[in-house]
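Notes to accompany the following structure.
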Amino acid sequence: MIEAVVFDLDGVLVDSEHVWDEVRETLARERGGRWHERAQADMMGMSSTEWSRYMHDVIGLSGSPEEINAEVVRRMEARYFEHLPLLEGAVESVERLAGSFRLGLASSSNRPLIDAVLAHAGIADLFEVTVSSEEVKQGKPAPDVFLEALRQLGTAPADCVAIEDSGNGIRAAHAAGMRVIAIPNRRYPPPLDALAFADVILESLAELTPATVNPGTTSPGNDVRSATTSPGTTSPGTTSPGTTSPGTTSPGTTSPGTTSPGTTSPGTM
C-alpha cells in the first residue's frame, strides 16, 4: 500500500529548467566561460555543490564555486520574483494527492528556491518533508536526496512513489527502491534508457490522481495508473483502463453469475 508521494520540483511542479539554463549560460558568457550545448543536460539533477564546481572546472568561470552558486541563486530568485513559472495543474495535483497521501519533496534546487516556490504557490503546508540535494552527500542520479526524504517521512521505499521528469531524477528514485511515475520534461526529454526505469509514464499532471499513484485503489489486473506504460512493456490481452473487450471480462473480475470477493449477491447479507 502506497503511503507517501515524493515530488521533484524543477520540471515537475515548476517549468524552470530553461530558466536555470538561461541564468547559468548568461553568467558563463559574462565571465568568459566555455558554455556548450550539453551543459544544461550535464547539470540536471546535480546538487548546488556539484553544478557550481562544474561551472568552475568545466565551463571555466572565474570565482569560487561558492560564489558562483550564490550568484546563480540570487539571479534565480530575481527571476522567480518577476514570474513564477508553475506548470499547468501543479497546485491542483499537489492538493489532489494531499488528500490521500503524505507528501514530500526531493529537489536539486537550493533550499531558498524550494521554500520560495512552495510559499509563492501556496502549497508549502501540504508537504511534511522537503529536502534539497545540497543537504545530502550526492545529487541525482545518486539516490541520496530521495533516501533522506524517505528517512524523514519514516516510510519504506516500497511504500512510496516518486514523481520525476528527468533522466537523472528517474534513475535516482529507482535506485532508492521507490516506484517511479515519470512525466517527461518536454524541453529536455529523458533518454529512453532512463525512462525504462519508470513504472508509469504520464503525459501531464492532469493524469496524476490517487488511483494513478496507488494501484491498490483499482480492480486487480487493471493498470489504470497511467496513459502510457514504460518503454517496451505492455499488458498482453488487456484493454484500456476501466474497459473490457466485447464478450470478455476485465482481468481480476468475475464472470456473469458470480460475485466479486467481499461482495454479496442480491438478497443476501
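Taken together, the values in this text are just the output of simple stated rules run on the coordinates, not laboratory data. Please read all numbers here as calculations on a predicted model, not as lab measurements. Cβ coordinates were reconstructed from backbone atoms using ideal geometry, including for glycine residues, and neighbour counts include every protein chain displayed.
Worth a mention:
- Separation in nanometres of the label points that stand 7 Å from Cα toward Cβ, at residue 128 and residue 42: 4.0
- Other-chain or far-sequence residues with amide H under 5 Å of residue 12's (modelled H): none
- Placing a pseudo-label 7 Å from each Cα along the Cα-to-Cβ vector at residue 25 and residue 151 gives an inter-label distance of 3.7 nm.
- Extension gain, residue 192 back to residue 92 (0.36 nm per residue minus Cα-Cα distance, nm): 33.1 nm
- Summed residue charge, Cβ within 9 Å of residue 136's Cβ, Lys/Arg positive, Asp/Glu negative: -3
- Net charge of neighbours whose Cβ lies under 12 Å from the Cβ of residue 22, counting Lys and Arg as +1 and Asp and Glu as -1: +2
- For residue 161, residues with placed amide H under 5 Å, excluding near neighbours: 4, 5, 6
- Scalar couplings 3J(HN,Hα) for the stretch 130-145, obtained by applying the Karplus form with A = 6.51, B = -1.76, C = 1.60 to θ = phi - 60°, are 9, 10, 9, 5, 6, 9, 10, 5, 10, x, 5, x, 5, x, 3, 5 Hz; x denotes Gly and Pro.
- The distance between label points at residue 77 and residue 119 comes to 1.0 nm (points 7 Å beyond Cα on the Cα→Cβ vector).
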